[in-house]
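Remarks on the structure that follows.
Every number in this text was worked out from the coordinates using simple rules, so none of it is lab data. As the structure is a prediction and not an experimental result, all values here were calculated from the model. All Cβ positions, glycine included, derive from the backbone under ideal geometry; neighbour counts span all protein chains shown.
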Amino acid sequence: MRAVIQRVLRASVTIDGKLHSSIGKGMMLLIGICDEDGEDDIDWLAKKVVNLRIFDDENGVMNRPVTEVAGEILAVSQFTLMASTRKGNRPSYIKAARPEISKPLYEAFCRKLSEESGTVVQTGVFGADMKCELINDGPVTIIIDTKNKE
């Protein structure tokens, strides 16, 4: 699994011109899933995201996780994160898991994220054409790949 984590002042997902979900201060996550991903990846990534210390403490140092700042989380599935650009100019998505694999894993990841954070995680709609808006705070953007744990 691959995640792009953005510290945000606010973020939202709109589908067909209608607001689907939105958050205030917190994290917007873009989640990519490959065929090799499983429960271990879900557990590891959810814990890593929730405990990632990217929010300022009283001294202005990034030292607090989302749970300590009463932050919200918005998680959006994005198969294009698994793109390979090694050859040519057209990205290849061969590493992205097919929907029958990735949708249940994305949904399980969102449930685990809610469990770990103790809050309801807002989501996009798997496979939908979504318009995502955010105000990146910092900017702070971090990429985590479960294949690079060590």
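For the range 89-150 and the range 1-40, what is the centre-to-centre distance using only Cα atoms, to the nearest Å? The distance from the Cα centre of the range 89-150 to that of the range 1-40 comes to 5 Å.
What FRET efficiency comes out for V69 versus V125 if R0 is 35 angstrom and r is the Cβ-Cβ distance? Round to the nearest 0.05.
Values: r = 27 Å, r/R0 = 0.78.
Calculated transfer efficiency: 0.80.
With neighbours defined as other Cβ atoms within 10 Å of a residue's Cβ, the residues M1, M62, M27, M82 order from fewest to most as M62, M82, M1, M27. Cross-link partners for K147 among the aspartates and glutamates, with Cα-Cα distance under 19 Å and sequence neighbours closer than 8 places in the same chain left out: D35, E36, D37, E39, D40, D41, D43.
Of the GluC sites (Glu not before Pro) found in the range 1-110, those in coil by DSSP whose Cβ has at most 15 other Cβ atoms within 10 Å are E36, E58. Assuming 0.890 mPa s and 25 °C, estimate D for the range 1-64 with Stokes-Einstein, Rh taken as the Kirkwood radius over Cα pairs, in µm²/s. Taking Rh from Cα pairs, D becomes 179 µm²/s. Rounded to the nearest 10 degrees, the inclination of helix 39-51 to the longest alpha-carbon principal axis of the chain is 30 degrees.
In summary, the lysines within cross-link reach of K25, defined as a Cα separation below 21 angstrom excluding same-chain residues under 8 places away, comprise K47, K48, K112, K131.
Helix 99-117 and the longest principal axis of the C-alpha atoms of the chain enclose an angle of approximately 10°. At 10 °C and a viscosity of 1.306 mPa s, what translational diffusion coefficient does Stokes-Einstein give for the chain, taking Rh as the Kirkwood radius over Cα pairs? Give it in µm²/s as a whole number. The Stokes-Einstein estimate is 101 µm²/s.
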